[in-house]
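The values are calculated or read from the model by the stated rules, or taken from the named source; none is laboratory data. On a predicted model such as this, the values are computed, not experimentally measured, just so you know. In this analysis, Cβ positions are derived from the backbone assuming ideal geometry, glycine residues included, and neighbour counts consider all displayed protein chains.
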Amino acid sequence: MDKIRVEVSAMVNPTEDQEKVGRAIANIFPNVRLAEEGLGNGSALLRGSSEGLEALDRLKSLIGAERIRSAAKAILSSSKIGNALEFHLHKQAAFAGKISFSQPFGESPLGPISVRVECDDPDALIEWLTEPAARGSEGRSGSG
């Protein structure tokens, strides 16, 4: 997986705190620098991007920690569009530091976080995101 570009965006509705929406994105994508685009009527769009696999480290970690690898693999596999993955995350869950995949409309009342990941090999990226943790770090129960 040579070239990877991660783009994220989320609508900030007039009833939302822009800082909280930014924090929700940063909880999942800490390497993405966000910029605001005013849309009028008190709404804004937060948008940002990052390059490289490390932009997805936190997403990978959360998928493993929440034990949703097989569900994530199915959702990500169905999100392939050419050499990209396009999926949506529930904004409130992200604010709580959790992963919850969402539909683009209707499922999240304040709108989702939209994610687009462009890469050379989407299938290899999906495998990497959903593979079990490195040998020796999963399943340890402490002293025994």
Worksheet entry | Odd one out for Arg47, checked against (1) at pLDDT below 95; (2) within 17 Å of Ile25 (Cα to Cα) | (1)
Response to the item:
Within region 85-123, the residues that are in contact with an Asp or Glu (Cβ under 9 Å, 6 or more places away or on another chain) and aliphatic (A, V, I, L, M) are Leu85, Ile99, Leu110, Val115, Val117
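Conditions (1) in contact (Cβ under 8 Å) with a residue 40 or more places away in the chain; (2) surrounded by fewer than 18 Cβ atoms within 10 Å (Cβ to Cβ); (3) not aromatic (Phe, Trp, Tyr), marked per residue:
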site	(1), (2), (3)
Ile63	yes, no, yes
Glu66	no, yes, yes
Arg69	yes, yes, yes
Lys73	yes, yes, yes
Leu76	yes, no, yes
Ile81	no, yes, yes
His90	no, no, yes
Ser100	no, yes, yes
Leu110	yes, yes, yes
Item to complete: Hey, could you check region 46-59 for residues that are surrounded by 15 or more Cβ atoms within 10 Å (Cβ to Cβ) and of a type outside the set (Gly, Ala, Ser) and say which is nearest to Thr130 (Cα to Cα)?
Response: Leu59
Discussion item. Just checking: which of the helices (runs of 4 or more DSSP H) contained wholly in region 1-111 hold 1 or more residues that are of a type in the set (Phe, Trp, Tyr)?
Written reply: 91-95
Worksheet item: Looking at region 30-78, which of its residues are more than 18 Å from Ala94 (Cα to Cα) and of a type in the set (Lys, Arg)?
Response: Lys73
